[in-house]
Amino acid sequence: MKLARPDIFHPRIVFAGCPTLPDGDGDDAGLVAALRTRGLHARWLSWDDPATLDADLVVLRATWDYPERLDEYLSWTRSVRNLINPPALVEWNIDKHYLIDLDRLGVPVVPTQHFPVGQAVRIPAGEVVVKPAVGAGSQGAQRFVDADAAAAHAAQLHAQGRAVLVQPYDPRIVDGETALVFLNGEGSHAFTKGPILPAAGSAPEFEETGTYATESLSAAEPDDEIWEVGRLAIAAVTRMFDIAARDLLYARVDVIGGAAATGSGPDDPRLLELELVEPSLGFRQLSAGNRAEAERQFALGVESALERLGLGPLSHRRP
Ligand SMILES: Nc1ncnc2c1ncn2[C@@H]1O[C@H](COP(=O)(O)OP(=O)(O)O)[C@@H](O)[C@H]1O
Ligand SMILES: [Mg+2]
């Protein structure tokens, strides 16, 4: 471990959680130590803690309550000194309307219709999923076979001032979705998330703090065809925002279709979500060795972000 030297700058780094999970959900538990190994000091705070405004760099992690406090959250993302991922990416990515942008850029996404408040919602034939455009942890997402019930759920979201997303229900979700984790623009690891939404008409079960729906996760080694969907999404977003892929500290791409359980290999895999705000990165799904390496990559990414921001150890050396 490097020792603190008084003549070098020690940036204050904060990992942001939320009031119910101020230290995250445990998946990121190794990150503070991974940074410490590189001579960097980080601590956890709830995003709404005013002390976040004193930090040199805030890294979004378990800020999972933002859908209920959206305006406050977005204005906070713009008021901290430096944010990862950057506020412009967060603002774009917080609203699943981005799926339509990705579709236009040639990324295979789950067919999506977006209905802002005030616009009549059209429910296509067949089973659908209706969910809020701004949502996390499956809050407000439900399956429907009855179009009237689907329209009623959409109307309820609109009444709360929330834009609505309607997608055909993709039955391949019974095999789960594959979460592809990219660190510093490179594919790092992957895990599988079991299906979350119960049959039409009922809401999912939530874990004890009520912040996110109960998930069953396991390690995965997806085929390259699945990874390709992730690479296309990373390429699209880095082009849109004119950033280098290596400067994207973390991204998670959730893909439906071709999860290992089918045994038949991927067929038309489609992006369900690109998560640049606060995705859980599934470090806990990895073997000890792979976990340590992924956490090291994360720490290296933080270190190079600090350099880029002029916050590296030698950036503020006293004369
Ligand atoms: N079109 C769909 N077809 C099948 N399952 C879906 C679909 N959309 C969402 N789901 C299920 O609902 C869960 C939550 O939806 P998602 O789009 O991932 O929103 P978020 O995770 O941001 O709440 C997914 O993990 C998946 O299990
Ligand atoms: Mg999701």
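The values are calculated or read from the model by the stated rules, or taken from the named source; none is laboratory data. From a predicted model like this one, the values you see are computed outputs, not experimental measurements. Here the Cβ is made from the backbone with ideal geometry for all residues, glycine too, and neighbour counts use every protein chain on show. All accessible areas refer to the heavy atoms of the entire protein, side chains included, with ligands and DNA or RNA removed. Shrake-Rupley method; radii C 1.70, N 1.55, O 1.52, S 1.80 Å.
Across all Cα atoms of region 113-168, the radius of gyration (one decimal) and Dmax (whole number) stand at 9.8, 26 Å. Temperature 37 °C, viscosity 0.692 mPa s: under these conditions the Stokes-Einstein estimate for region 1-158, based on its Kirkwood radius over C-alpha pairs, is 181 µm² per second.
Comparing 220, 298, 102 along the charge dipole axis of the chain, the residue lying farthest to the positive side is 298, per the Cβ-charge model. Assuming charge only on the beta carbon of Lys and Arg (+1) and of Asp and Glu (-1), the dipole of region 55-130 about its Cα centre is about 120 debye to the nearest 20. Length available on full extension from residue 113 to residue 243: 0.36 nm per residue minus the Cα-Cα distance, which gives 44.0 nm. Selection among 251, 113, 147 by position relative to the dipole of the chain gives 251 as farthest towards the positive end (Cβ unit charges, Cα centre). Less than 9 Å Cβ to Cβ from residue 214, Lys/Arg counted +1 and Asp/Glu -1: what total charge do the surrounding residues give? That works out to -3. Estimated at 0.36 nm per residue, the fully extended path between residue 9 and residue 156 surpasses their Cα-Cα distance by 47.8 nm.
Measuring nothing but how far apart in sequence close Cα pairs (under 8 Å, 6+ apart) lie, relative to its length, region 113-168 scores a relative contact order of 52 percent. Percent of accessible area on the chain owned by carbon and sulfur, 1.4 Å probe? Taking all protein chains in place, the chain shows 52 percent carbon and sulfur surface. Between region 199-248 and region 287-314, what is the separation of their alpha carbon centroids in Å? So the separation of the two Cα centres works out to 21 Å.
Hey, what's the Cα Rg ratio for region 6-79 versus the globular rule of thumb, 2.2 N^0.38 Å?
This ratio for region 6-79 stands at 1.14.
Residues in region 59-73, backbone N under 14 Å from the label point at residue 309 (7 Å along the Cα-to-beta-carbon vector): list them, ranges by number please. Hits in region 59-73 for residue 309 at 14 Å: 59-61.
The calculated FRET efficiency for the pair residue 72 and residue 186, based on their C-beta separation and a Förster distance of 35 Å, comes to about 0.55. Distance from the C-alpha centroid of region 93-141 to that of region 22-70: 29 Å, rounded to the whole angstrom.
Convex hull volume per residue, computed on the Cα atoms of the chain, equals 129 Å³. Charging the Cβ of each Asp and Glu at -1 and of each Lys and Arg at +1, and nothing else, the dipole of the chain about its Cα centre rounds to 1140 debye. DSSP beta bridges confined to the chain are antiparallel in about 75 percent of cases.
Beta carbons within 10 angstrom, averaged per residue: use that to sort the peptides 196-203, 217-224, 270-277, 169-176, highest first.
270-277, 169-176, 217-224, 196-203
Counted as membrane-span-like here are DSSP H helices of the chain whose alpha-carbon atoms extend 20 Å or more along the helix's own axis and whose Kyte-Doolittle mean is 0.5 or above; these are 224-241. Derived scalar couplings between HN and Hα for region 95-108 equal 10, 5, 4, 4, 4, 5, 4, 5, 4, 4, 8, x, 7, x Hz in order, rounded to whole Hz, by the Karplus curve 6.51 cos²θ - 1.76 cosθ + 1.60 (θ = phi - 60°), x for Gly and Pro.
Note on residue 203 and residue 217: the extension gain reaches 3.1 nm, defined as 0.36 nm multiplied by sequence separation minus the Cα-Cα distance.
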